[in-house]
Amino acid sequence: MSINTVLVTGGAGYVGSVLVPRLLTAGFEVKVLDLYLYGSAVFDEIAHHPLLEQTEGDIRDQSLLKRVLKDCDAVIHLACISNDPSFELDPKLGREINFEAFEPLVKISREQGVQRFIYASSSSVYGVSDRSDVEEDDLLRPLTDYSRYKALCEEILLGYQSSDFIPVIIRPATICGYSPRQRFDLTVNILTNHAVNNGRITVFGGSQKRPNLHIDDMVDLYVQLLGESEGKVAGKAFNAGYQNSTVSDLAKIVRTVVKESVKNRQSIEILTTSSDDLRSYHISSRKIRRELGFIPKRTIEDAVRDLCRSFEDKKFIESMSNPYYFNIKRMQEVNLR
């Protein structure tokens, strides 16, 4: 199996905008399919790259999928209405994009000769677990429609597996760190934004466990999966995380790093309040380390330092309020249907 051309759905998103340049550097021909709700500026530096093809469009458009998937060897499927609040803003839209559009995408991919399909699921499919380490064969107990459809799509994808169509499922931890399409609605990024700009962090609850993974490690993994042998990945699901921490511990890490990295931020207050967010899980990434040799190289501290440097370099505009950094605010703004 030789993979040369890769379609990245949602390629202009938070992870995609870091992944696409990395794939180009690795020598892949890359197609991006995205609605570009957050603009196309993330690719300004590579817009004229000879190996890059960008298509603005909707994954619900099956005729478009047939055109874009032509001559593709692999798909990395990142496109979705991402996170619970954005999904709940318009459950019908969320179902259409995250679930109803999925099987046609998989079916057309196989029909068009795609050899490998990498699906970005979520570690939230485990819901609340008392296990000290949740592993891939543990029961999935999704608490929300967002995570429930992620789990259902895993089943659909595996049903299309064949000798010449290799599916692999990744259940990422919460991603953190800097991206050209920055998000400030993810735990570590939220805490860092508030620490840098307000000198105050509010923790909702605090005892909930959250697995985390640096965005650059997430991107490294996607690139690695394109080169793995079929036998190592075919039909398998892998957790992809690194540091499992409570939200309270994350706040303390952020406070320490911001105090070290940002001038005039030597005092940062942590406020704790109640929360009705019950999601808590502590994922094990032993399987992916054992079977694929994947070992993350960056820490939560590295992600916070990256963000602090980006603030210092003035890469963000009104980071506390700009809808482009918050999925739910941008979804409300564009009123996608």
Answer yes or no: is there a residue in region 267-274 that is buried (at least 17 other Cβ atoms within 10 Å of the Cβ) and of a type in the set (D, E, K, R).
-> no
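Here's the yes/no breakdown for (1) at pLDDT below 95; (2) under 18 Å from the mean Cα position of the chain (by Cα):
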residue: 244; (1), (2): yes, yes
residue: 266; (1), (2): yes, no
residue: 289; (1), (2): no, no
residue: 297; (1), (2): no, yes
Restricting the search to region 137-181, which residues are among the aliphatic types (A, V, I, L, M) and at pLDDT below 95?
-> 139, 140, 143, 173
Are any of the residues in region 208-227 touching a Gly at 6+ places or on another chain (Cβ under 8 Å), among the aliphatic types (A, V, I, L, M) and in contact (Cβ under 8 Å) with a residue 24 or more places away in the chain?
-> yes
For region 228-248, indicate whether the set of residues that are more than 23 Å from residue 2 (Cβ to Cβ) and assigned to a helix (DSSP H, G or I) is non-empty.
-> yes
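The rows are residues; the columns are (1) free of Cβ contacts under 8 Å to residues at least 40 places away in the same chain; (2) within 23 Å of residue 220 (Cα to Cα); (3) touching a Lys or Arg at 6+ places or on another chain (Cβ under 6 Å).
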residue	(1), (2), (3)
300	no, yes, no
306	no, yes, no
322	yes, no, no
327	no, no, no
330	no, no, no
Could you figure out which of (1) over 24 Å from residue 331 (Cβ atoms); (2) modelled with pLDDT under 95; (3) not aromatic (Phe, Trp, Tyr) isn't true of residue 39?
-> (1)
For region 139-171, name all the residues that are closer than 16 Å to residue 235 by Cα, of a type outside the set (Val, Ile, Thr) and not in a helix (DSSP H, G or I).
-> 159, 160, 161, 162, 163, 164, 165, 167, 171
Which strands (runs of 3 or more DSSP E) does region 20-128 wholly contain that include 1 or more residues that are buried (at least 22 other Cβ atoms within 10 Å of the Cβ)?
-> 29-34, 74-77, 116-120
If we keep just the residues of region 207-242 that are of a type in the set (Gly, Ala, Ser) and under 20 Å from residue 126 (Cβ atoms), which is modelled with the lowest pLDDT?
-> 207
Selection from region 308-329 of residues that are in a helix (DSSP H, G or I) and within 17 Å of the chain's Cα centre (by Cα) = 324, 325, 327, 328
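The values are calculated or read from the model by the stated rules, or taken from the named source; none is laboratory data. Computed from a predicted model, the values in this text were never measured in an experiment. Because the Cβ atoms are built from the backbone with ideal geometry, glycine has one as well, and the counts that use them run over all protein chains shown.
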